[in-house]
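**Q** First the structure, then my questions, so here it is.
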Amino acid sequence: MSLQKELYVLLAEDNFAEVNLFQIALREAHLQAPLKIVNTGLEVLDFLNARGAYSHRDPLHYPSLLILDLNLPLLDGFEVLTMLRMDERFKDLPIVIFTSSERYKDSREAKNRGATEFFQKPIDFYDFVKSVTRMYERWVK
């Protein structure tokens with residue numbers, strides 16, 4: 001059995017204000033793909049593996065895109081990224097790092113661990129909307 005991509009985005013973000021900002025950016029840009037939200041690195045893995053609170057989910061369906069913050073509780077974004085890229089089922093899942101980190105070494109480390117792209121979260125709202133739009137246009141089809 002092979003995994004099937006579905007038209008939704010999984011957002012891994014623990015900051016409620018940033019989740020809210022992301023949802024506003026989607027509305028502002030008229031982007032329609034459903035958004036599912038998890039708040040910890042462990043929840044990302046539980047969601048994608050259909051276990052725990054997500055055991056009702058069909059494990060053969062996965063999102064069009066995973067947007068992953070680096071600073072997540074329980075397992076950070078680097079750990080999640082490494083675990084997903086070690087799992088053959090998720091080798092083709094686009095994983096975009098969307099973080100407030102300004103450190104070049106974080107970008108390089110994320111790419112080395114298999115991130116598809118790396119975006120620094122813009123401070124300006126309109127730049128934030130542009131970043132979200134680029135992610136969706138590139139990866140959500």
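**Q** Over region 24-108, what percent of the accessible surface lies on carbon and sulfur atoms, probe 1.4 Å?
**A** Answer for region 24-108 is 52 percent, counting heavy atoms of protein chains only.
**Q** Further, regarding this structure: Only loop residues by DSSP count here, and only those with at most 15 other Cβ atoms within 10 Å; note down the GluC sites (Glu not before Pro) in region 82-120 that meet that.
**A** For GluC sites (Glu not before Pro) across region 82-120 that sit outside H, G, I, E and B with at most 15 neighbouring Cβ atoms in 10 Å, the list reads Glu102.
**Q** To continue, here is another question. From the helices alone, meaning DSSP H stretches of at least four residues, give me the mean residue ellipticity at 222 nm for the chain, per-run term -39500 (n - 2.57), in deg cm²/dmol to the nearest 500.
**A** The per-residue figure over the chain is -12000 deg cm²/dmol.
**Q** Enumerate the aspartates and glutamates that Lys105 could reach by cross-link, defined here as Cα to Cα under 20 Å, with residues fewer than 8 away along the same chain left out.
**A** Of all the aspartates and glutamates, those that pass the test against Lys105 - Cα under 20 Å, at least 8 places apart if same chain - are Asp69, Asp76, Glu79, Glu117.
**Q** Name the long-range amide H neighbours of Phe119: under 5 Å, sequence gap of 5 or more, or other chain; modelled H, no Pro or chain starts.
**A** Residues meeting the criterion, in which the H sits 1.01 Å from N, are Ile97, Phe98, Thr99.
**Q** Here is a follow-up. Write down the percent of antiparallel bridges among all DSSP beta bridges whose residues are both part of the chain, to the nearest 5.
**A** Antiparallel: roughly 0 percent of the beta bridges in the chain.
**Q** May I ask for the percentage of alpha-carbon pairs in the chain that lie more than 22 Å from each other?
**A** Result: 32 percent of Cα pairs exceed 22 Å.
The values are calculated or read from the model by the stated rules, or taken from the named source; none is laboratory data. Fair warning: this is a prediction, and the values are worked out from it, not measured in the lab. Cβ atoms come from the backbone with ideal geometry, glycine included; neighbour counts cover every protein chain shown. Protein only, heavy atoms only, side chains kept; ligands, DNA and RNA dropped before computing areas. Shrake-Rupley method; radii C 1.70, N 1.55, O 1.52, S 1.80 Å.
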